[in-house]
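Right, one structure below, let's go through it.
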Amino acid sequence: MKSYEKLLLQNKAWANEKVTDDPEFFSRLASIQTPEFLWIGCSDSRVPANEITGTQPGEIFVHRNIANLVVHTDLNLLTVLDYAVTHLKVKHIIVCGHYGCGGVKAAMTHHSLGIIDKWLRNIKDVHRLHRERMDAMKDPEAQADLLVELSVKEQVMNLAKTAIVQKAWKHKHRPQLHGWVYSLKDGLIKNVIEMEAGTRIDSLYEYDDL
């Protein structure tokens, strides 16, 4: 059996199990989507949003990219963000990184990896902003773990800088922003930052005419 055929068989088994447990499961999902959360996570296959949070399909709206970055020129991310905030009216946005992130580790090297260099430069910028703190740590793994946390905090701040979030904060008093880090070693999530709706940020990034 080819590997992809196994996936199709497992899909059938999963669908049958869902219907057996709850005959209305798929009819409910097909009729409406009302997630409370937007999850911005890493593309790493070891960090599936639904599985590590114990949630069901339909509960989390998910966007994933390399190293869970929020980049102001990324139309893919911004489209997802706008749809989640404006139309789905999510109450919470979670940026979830993970220790042992390959993207973060790659950004700490001086190797050119091709097109991904341009993407990883966003992480290098975070490293530069916190160079003194990073350089004070001599253990490479500890450095990488710290950079994962610092990057997650920066991505949450990048969310707060967007007109999409600021407009929702002003008129809807939502969403709350969260920065989490998942550990591959024990499966637990660490909360590293929270921003309530309406949190003041540097005035350089605030919009007065929303």
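For the set Lys161/Lys185; Lys91/Lys118; Lys105/Lys153, the pairs lying more than 25 angstrom apart at their alpha carbons are Lys161/Lys185; Lys91/Lys118. Reported to the nearest whole Å, the Cα centre-to-centre distance from the range 45-60 to the range 76-123 is 18.
Our summary of shape: the Cα atoms of the chain have principal axis extents of 57, 49, 31 Å, ordered from largest down, in whole angstrom. In loop segments of the range 151-210 as defined by DSSP, the trypsin sites (Lys or Arg not before Pro) with at most 16 further C-beta atoms inside 10 Å of their C-beta are Lys185, Arg200.
Straight-line cross-link reach from Lys2 at under 24 Å between alpha-carbon atoms covers these lysines, not counting any fewer than eight positions away in the same chain: Lys12.
Only the coordinates and a few stated rules stand behind these numbers; no lab work does. Please read these numbers as outputs of a predicted model, since none were measured by experiment. Positions of Cβ are backbone-derived with ideal geometry, glycine not excepted, and every protein chain shown enters the neighbour counts.
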